[in-house]
1. Looking at region 193-271, what helices (runs of 4 or more DSSP H) fall wholly within it and have at least 3 residues that are under 20 Å from LEU126 (Cα atoms) and open to solvent by less than 60 Å² (accessible area, probe 1.4 Å)?
2. Would you confirm, using the coordinates I've provided, whether ASN275 is open to solvent by 10 Å² or more (accessible area, probe 1.4 Å), under 27 Å from the mean Cα position of the chain (by Cα) and in contact (Cβ under 8 Å) with a residue 40 or more places away in the chain?
3. If you take the residues of region 603-623 that are modelled with pLDDT under 95 and open to solvent by 10 Å² or more (accessible area, probe 1.4 Å), which of them is nearest to VAL457 (Cα to Cα)?
4. Just to be sure, is GLY289 assigned to a loop (DSSP other than H, G, I, E, B), among the small types (Gly, Ala, Ser) and either in contact with a strand residue (DSSP E or B) (Cβ under 9 Å, 6 or more places away or on another chain) or crowded, with 24+ Cβ neighbours inside 10 Å (or both)?
5. Can you name the residue in region 565-588 that is touching a residue at least 24 places away in the same chain (Cβ under 8 Å) and out of contact with any strand residue (DSSP E or B) (no Cβ under 7 Å at 6 or more places or on another chain) and, of all such residues, is nearest to GLY164 (Cα to Cα)?
6. Go through ILE445, ILE405 for me and flag whichever is in contact (Cβ under 8 Å) with a residue 40 or more places away in the chain, under 19 Å from GLY296 (Cβ atoms) and either out of contact with any Gly (no Cβ under 8 Å at 6 or more places or on another chain) or of a type in the set (Ser, Thr, Tyr) (or both).
7. Give the residue that is nearest to the chain's Cα centre (by Cα), with candidates limited to residues of region 43-79 that are within 27 Å of VAL344 (Cα to Cα), charged (D, E, K, R) and open to solvent by 20 Å² or more (accessible area, probe 1.4 Å).
Amino acid sequence: MFNYDRNVFQASALWSFTKTARFFFAVWLAVGGVLSATPPNIVFVITDDQGYGDLGFTGNPLAKTPNLDRLAGESSQLLDYHVAPTCSPTRAALMTGHWSDRTGVWHTINGRSMLRVNEVTVGKMLQDAGYETGCFGKWHLGDNYPYRAEDRGFTEVYRHGGGGVGQTPDVWDNAYFDGKYFHNGKVVPAEGYCTDVFFQQANRFIADCAAKKQPFFAYIATNAPHGPLHVPEKYMEMFPNQPKNIAAFYGMIANIDDNIGKTRSLLRELGIEENTLFVFTTDNGTAGGANVFNSGMRGAKGSEYEGGHRVPLLAYWPAKGWNRVHSSHVLCHAVDIAPTLLEVAGVKKPDDIRFDGRSIVPLLSPEGDLKDWPKERILVTDSQRVTDPIKWKQTAVMSGPWRLINNRELYNIESDPGQAQNVIEQFPEQASRLVAFYDEWWKEIEPTFADTTEIYVGDPNAIQVDLTAHDWIGTDDPPWNQQMIRQARGYAGNDASTGRDKRNKPAAGDDYSYWAIKVVGSGDYDIECSRWPLELSHPLSERLAAGRDIPGANRAFRAVPGKAVPVQRAELYIDGKLLKTTVVSDKDTHVRFRVRLNEGSHRLSPVFVTTDGQKVVAYYASIKPAK
């Protein structure tokens with residue numbers, strides 16, 4: 001049914017035009033090549049944790065989204081479009097056209113949010129076809145080489161680290177105002193609110209490309225309205241008499257709406273709106289608005305029910321007539337985005353890549369011809385959020401109006417949109433049909449689960465490799481944001497003091513969380529480990545003062561005081577074996593180990609042992625070749 005060849009996908013990682021070939025292809029495209037004489041620009045906006053019901057045009061009584069409401073009134077709209085129930089998996093699917101579980105991205109942390117090297121992104125494919133490609137805001141598919149946006153086909157990158165501003169891989173003490181961001185790999189300061197900054201950078205990129213008459217793909221991925229809930233006060237004041245969390249959540253959405261209005265105005269001012277595809281969508285169900293309005297759906301972010309993964313998608317492209325109201329009720333999925341954007345751009349898919357999705361241009365076009373659309377299409381979405389996928393864990397198998405949930409519940413959302421009536425006993429043939437598909441689907445992708453995504457060490461493209469607890473493997477809930485780092489998750493009386501995953505029985509000497517690394521070249525390496533980010537040079541046994549708070553409904557991550565961890569010694573484990581031990585003084589800001597690392601795959605666990613006998617994996621580590 002699927003004919004998936006892992007060797008084909010490994011080979012696809014090597015697919016790319018040379019610079020000379022790219023130049024001549026772009027010239028050929030511009031002068032009237034058979035694919036497209038005038039390649040369209042693409043602006044793709046995706047927000048974070050905003051559900052289908054968190055918009056004025058879908059019926060929300062609180063949401064203030066006049067610009068998006070206006071866009072909905074002049075665009076094509078998908079009414080049965082689905083994603084993953086959480087953010088990284090959705091991004092992996094839309095970037096590659098492959099099922100998230102196939103790409104190695106089925107979680108948002110635990111080393112399971114990094115897009116495997118053998119995957120080719122739509123950014124890379126468009127770049128190789130002569131497009132300028134920019135990524136602004138949230139990437140969340142890897143913070144180390146070779147997984148960063150700048151390694152995966154985007155030439156202009158302005159992003160935060162991890163899954164949100166202030167998460168563990170982000171610049172230390174970052175908050176939603178006046179932050180620091182990674183601009184093409186370098187940390188740069190910024191003034192203003194994060195969403196404003198990301199759109200400003202995207203608009204600069206758009207204007208530069210327009211001036212050069214260069215087709216572009218601008219991927220604008222906001223971290224808002226993901227928590228913590230921070231926004232300029234004027235936006236919270238738009239929602240008087242509401243609880244702070246609701247006012248902040250919908251204030252963040254109102255701010256996004258303002259920025260979308262500014263970007264659309266810029267496209268008109270530059271004279272490029274006509275031949276620009278403008279897409280708006282979100283990455284999963286609502287995280288903050290389900291109790292206000294959820295479009296009658298059951299579930300929210302993280303759920304296998306409809307409210308967890310059915311999201312809005314608007315597409316506006318005047319040159320092709322996508323500038324009037326047109327709605328499609330046909331089931332589709334984030335895996336369809338990559339093939340769709342290639343068709344829009346007139347770019348031929350590389351021969352050695354096979355998509356799990358298909359182009360949904362026929363659904364988006366008011367004149368779309370559906371004669372070749374499959375009469376029956378079955379799609380899968382799941383919420384794994386574990387170290388290794390588990391069959392039927394929080395899974396929805398979808399076909400037409402049918403939703404098979406966890407192999408136990410069946411719903412017809414045409415007659416029961418709220419999924420209140422389980423009809424699996426009344427329609428066993430429908431359930432059997434969906435189970436049979438899922439069994440084949442699982443059988444085909446299950447062998448790929450063992451391909452751990454590893455952080456490269458010793459590669460010339462990344463001389464120094466910085467690791468954070470966000471990517472620990474082996475614990476259910478590592479410290480994925482800086483508040484957790486400050487609170488010393490994994491220590492301070494928490495059960496996860498060793499970072500051990502209680503669901504598994506670790507082998508002797510192998511009971512610590514670890515970073516999965518791939519040593520590219522054998523040699524001697526210095527490994528520096530710390531309780532606090534190394535750039536702070538703060539004694540690793542000492543507490544850290546709280547930082548300044550910012551406007552919003554929550555306390556900023558940095559406004560939490562940092563707890564002391566009384567480190568007495570440090571131990572270094574490689575592949576579960578204790579290699580070195582060293583004593584730690586009260587004034588040490590880090591511990592350095594020099595070790596010989598052989599080429600290949602390894603599990604790295606630097607462990608701090610405290611005066612009260614607890615052990616915790618180092619929150620930060622840096623690796624570079626020894627001099």
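1. On the way: elements: 194-211, 233-236, 244-269.
Correct list: 194-211.
2. Numbers: open to solvent by 10 Å² or more (accessible area, probe 1.4 Å): yes; under 27 Å from the mean Cα position of the chain (by Cα): no; in contact (Cβ under 8 Å) with a residue 40 or more places away in the chain: yes.
When the stated conditions are applied, ASN275 does not pass them.
3. LYS615
4. Numbers: assigned to a loop (DSSP other than H, G, I, E, B): yes; among the small types (Gly, Ala, Ser): yes; either in contact with a strand residue (DSSP E or B) (Cβ under 9 Å, 6 or more places away or on another chain) or crowded, with 24+ Cβ neighbours inside 10 Å (or both): yes.
Answer is yes for this residue.
5. Initial filter on region 565-588 (touching a residue at least 24 places away in the same chain (Cβ under 8 Å)): 565-578, 584, 586-588.
Those still in the list that are out of contact with any strand residue (DSSP E or B) (no Cβ under 7 Å at 6 or more places or on another chain) too: 577, 586-588.
Values: LYS577: 34, ASP586: 33, LYS587: 32, ASP588: 30 Å.
Looking at the filtered set, the residue picked out is ASP588.
6. Details: ILE445 fails: under 19 Å from GLY296 (Cβ atoms).
Testing whether each residue is in contact (Cβ under 8 Å) with a residue 40 or more places away in the chain, under 19 Å from GLY296 (Cβ atoms) and either out of contact with any Gly (no Cβ under 8 Å at 6 or more places or on another chain) or of a type in the set (Ser, Thr, Tyr) (or both) leaves just ILE405.
7. ASP69
Yes/no per residue for (1) in contact (Cβ under 8 Å) with a residue 24 or more places away in the chain; (2) under 16 Å from PRO89 (Cβ atoms):
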{"position": "MET125", "(1), (2)": "yes, no"}
{"position": "GLU132", "(1), (2)": "yes, no"}
{"position": "TYR145", "(1), (2)": "yes, no"}
{"position": "VAL157", "(1), (2)": "yes, no"}
{"position": "GLY163", "(1), (2)": "yes, yes"}
{"position": "VAL171", "(1), (2)": "no, no"}
{"position": "ALA175", "(1), (2)": "yes, no"}
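The values are calculated or read from the model by the stated rules, or taken from the named source; none is laboratory data. Predicted, not measured: the structure shown is a model, and the values here were computed from it. Backbone-built Cβ (ideal geometry, glycine too); neighbour counts: all protein chains shown. We work out accessible area using only protein heavy atoms, side chains counted, and drop any ligands, DNA or RNA first. Shrake-Rupley method; radii C 1.70, N 1.55, O 1.52, S 1.80 Å.
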